[in-house]
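Below: the structure, in C-alpha cells.
The values are calculated or read from the model by the stated rules, or taken from the named source; none is laboratory data. Only a predicted model underlies this, so the values are computations on that prediction, with no experimental measurement involved. Here the Cβ positions follow ideal geometry from the backbone for every residue, glycine too, while neighbour counts run over all protein chains shown.
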Amino acid sequence: MIRGAAYTVGLMPVDVLAEVVANTPLAPDYNVLTLAAPAIAKHAAPGQFVMIRTAAGLDPLLRRPFSIFEHVRDADGRLVGISILNKRAGAGTARLYAARPGDRLAVLGPLGRPFVPVHPPAEAWMVAGGVGLAPFASVASALADLGTSMTLFYGARSARDLYYESLFTGLGTRLVLTTEDGSRGEPGRVTGPLARELAARPADRPLTIYACGPTPMMRAVARLGDTAGCPVYVSLEPVMGCGMGGCYSCVVPIRHDDAGGTHLVRSCVDGPVFAAATLDWDQLGSGH
Amino acid sequence: MADLSVRIGALTLRNPFMSASGCFGYGVEYADAIDLASLGAVVVKGLFLEPREGHAPPRIVETPAGMINAIGLQGIGVRRFVAEKMPELRRLGATVIVNVCGTTIDEYCEVSRVLADTEGVAAIELNISCPNIKEGGIQFGCSLAGTHDVVSAVRRVTTLPLFPKLTPNVTDVASFARAAEEAGADAVSLVNTFLAMAIDVETRTPMLSNVMGGLSGPAIRPIAVRMVWECRQAVKLPIIGIGGITSARDALEFFIAGATAVQVGTANFVDPFIWAGLTAGVDAYLDRHGLPRVADLVGQLQIPRKAHV
C-alpha cells in the first residue's frame with residue numbers, strides 16, 4: 001500500500017506511486033527511467049536522492065537508493081518528474097532495467113544533503129566515473145542557471161559507456177572525456193586530465209570540484225583537490241537500508257579531529273554529499 | 001471507530017503500534033515525515049552509558065523477504081540522548097520508550113537511573129538480546145539466571161515500566177519470559193532478531209563485516225507469532241510482539257496469539273508512512289468483527305477441537 005503527501009506533516013520527503021513515463025536503454029546493463037513525480041521534482045536539489053521500491057511484494061524487500069539524475073519538465077516548462085540512471089547489478093536493479101512505461105513504482109524522496117552549486121566568478125568542475133554521472137545532470141542544470149562556468153570530466157570503460165554528452169554540452173558544459181580502452185577521448189582514467197588541468201590553471205581563480213564515481217576515483221580526486229587548494233565535494237553511494245536515518249547501515253568515516261580520530265556518520269542524512277576533506281579516505285573501503 | 005488504546009502495566013498507549021528499537025533512529029529522524037505522537041510509542045535505538053561506534057560496513061545484507069543486520073549498536077550514549085534528543089521528542093508529544101543496553105549489570109542500572117531522572121521517558125525496554133555485540137546483551141538474555149539478575153537489578157533502581165526484550169536464539173523462549181516475570185518485569189518484548197549469516201559465494205566471504213548478524217523482516221514472522229503464543233501460555237505479563245509485521249493483518253496475528261501491542265521495524269525501512277495504514281486496518285477489522293476495543297482481541301486464538309476422521 002502506498003501513501004503520499006497526505007500523510008506527511010512536514011514538508012518532505014513524500015512517498016509517491018510514480019508512473020514510469022519512459023525507460024531509455026543506454027547500453028547493456030544501463031538505462032534511464034523517467035518517473036512522473038512532480039511533488040518530488042519540485043523540492044529536489046541537485047545531488048539529493050530517492051529510495052525506490054523495485055517490487056510490490058517482499059522480494060526484494062528493501063528500497064534501492066538512486067541519485068536524482070534530471071529534473072523533467074513538460075512542454076510548458078513545468079516540473080513533472082525526475083529521472084534516474086540505473087545500472088543492472090542485482091535483483092532490484094534488474095527489475096528497474098526491465099520496467100515498462102505505465103508501470104508504477106513507489107518513490108520516496110527527496111532525501112539527503114545536496115551539492116551546493118557555486119556562483120561566478122568561481123568555476124565548477126564535475127568529475128564523473130561511469131554510473132557516477134548520476135547526480136550531475138541536475139548539478140549542471142543548477143550551475144547553468146547561475147551562469148557558472150563548468151567542465152565535466154567524464155570517464156568510462158569504453159566509448160559505449162559514455163552517455164548524455166549532448167545534455168551537458170547543451171547546458172554549456174565543456175566536456176573532457178576519457179575511456180580506459182581508448183575508444184573515445186583520452187585513454188586512461190579521468191583523473192589523468194584532471195591532474196594536468198589542475199596543475200596548469202592559475203592559482204588565483206576560485207574553483208570548486210564535484211565528484212561521483214568509484215571510491216578509488218573519488219579518493220584520487222580528493223587528493224588532487226587538496227594539493228591544488230580547491231574544495232572538493234563528493235557524492236557517496238554506500239549500501240543503504242532506509243534512506244531516512246533509521247537503520248545506521250550506510251555509515252562512512254569522517255574525521256572529527258586533527259589527531260586522526262574518526263567517527264561513523266550516516267550518509268543518508270549527513271550526506272550523500274560530503275566535503276571530501278572531512279572524510280577519512282583510508283578507512284573508506286570496499287564496504288562503501 | 002474502535003478503541004485502539006492498550007494498557008501495558010501502568011502505561012496506557014493511544015494505540016498498539018510502536019517503532020522497533022534500532023529501526024527508527026532516535027525518532028527525531030522521522031519527525032519531518034510523520035507525526036510521532038500518532039504512534040503508540042517511539043522505541044528509540046539502544047543506548048549504553050557511553051557513545052559507541054558499532055561495526056564496520058557492510059552492516060546489512062538483504063535476504064529473501066528479510067534482511068540481516070550487524071550494526072553493532074552504534075549510539076550516542078544515554079547522556080547525549082537525554083540532552084540532545086529528549087527535548088525534541090517531548091516537544092513533539094511522542095510517548096518515548098528507551099531501549100537500554102549494558103555490558104555489565106551495573107551499566108544497565110546506571111543507564112536506567114539516568115532515564116528515571118529524565119522527564120518524558122515512559123518506559124524502559126531492556127536489551128538483553130542483541131546478537132551483534134560480544135559483551136553483555138545477549139549473554140544475559142541467553143541465560144535464565146542472567147535474565148533474572150539484570151531484570152531484578154534494574155527493577156530495584158527504577159519504578160519506570162520495565163520491558164525486557166527477549167532473544168529467540170534459545171531453546172525455550174517461554175522460560176525466559178517466566179524468568180523476566182519472576183524478576184519483576186512489567187511486560188516482555190519479543191522477539192529480537194534471529195542469529196543468521198549470508199555468504200558471497202564468488203568471493204567466499206561473509207556478506208557482513210561482523211560475519212554473523214540478526215535476521216529480521218517478514219521471513220521471521222511465523223516463528224515470532226509462535227513464540228508469542230508460547231509465551232502467552234507461560235506468563236500473565238503483557239507481551240509486546242515483534243517480528244516481520246508489514247500490515248494490519250500481520251499485526252492482528254500477533255494480537256490474536258497474545259500480544260497486547262506490537263512493534264514494527266524492518267517494514268518501516270520500506271515504508272516510513274506505514275503507521276496510518278496499520279491503525280486504519282486494525283480499526284476496520286475490529287468494526288467488521290463487532291469488537292469495540294483492540295484489547296478484546298488479545299490472546300483470542302480459537303483452536304478448533306480435532307475433527308473425527
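Some observations on this one:
- Residues of the stretch A:254-270 satisfying the condition of being more than 8 Å from every other protein chain (Cβ to nearest Cβ) and surrounded by fewer than 24 Cβ atoms within 10 Å (Cβ to Cβ): A:254, A:255, A:256, A:257, A:258, A:259, A:260, A:261, A:262, A:265, A:270
- Test for residue A:75: is it within 14 Å of chain B (Cβ to nearest Cβ), surrounded by fewer than 15 Cβ atoms within 10 Å (Cβ to Cβ) and either modelled with pLDDT of 95 or more or more than 17 Å from residue A:163 (Cα to Cα) (or both): no
- Just one residue in the set A:35, A:26, A:58 is modelled with pLDDT of 95 or more and either more than 14 Å from every other protein chain (Cβ to nearest Cβ) or closer than 30 Å to residue B:219 by Cβ (or both); that residue is A:35.
- Output for the stretch B:47-60, where each listed residue is within 11 Å of chain A (Cβ to nearest Cβ), in a strand (DSSP E or B) and in contact (Cβ under 8 Å) with a residue 60 or more places away in the chain: B:60
- The set of residues in the stretch A:225-236 being surrounded by 24 or more Cβ atoms within 10 Å (Cβ to Cβ) and assigned to a helix (DSSP H, G or I) consists of A:225 alone.
- Restricting the search to strands (runs of 3 or more DSSP E) fully inside the stretch A:237-288 and requiring at least 3 residues that are within 16 Å of residue B:25 (Cα to Cα) gives A:262-266.
- Every residue from the stretch A:215-253 that is within 15 Å of the chain's Cα centre (by Cα) and away from chain B (no Cβ under 14 Å): A:217, A:218, A:232, A:233, A:234, A:235
- Qualifying positions in the stretch B:106-134 - aliphatic (A, V, I, L, M) and more than 20 Å from the chain's Cα centre (by Cα): B:114
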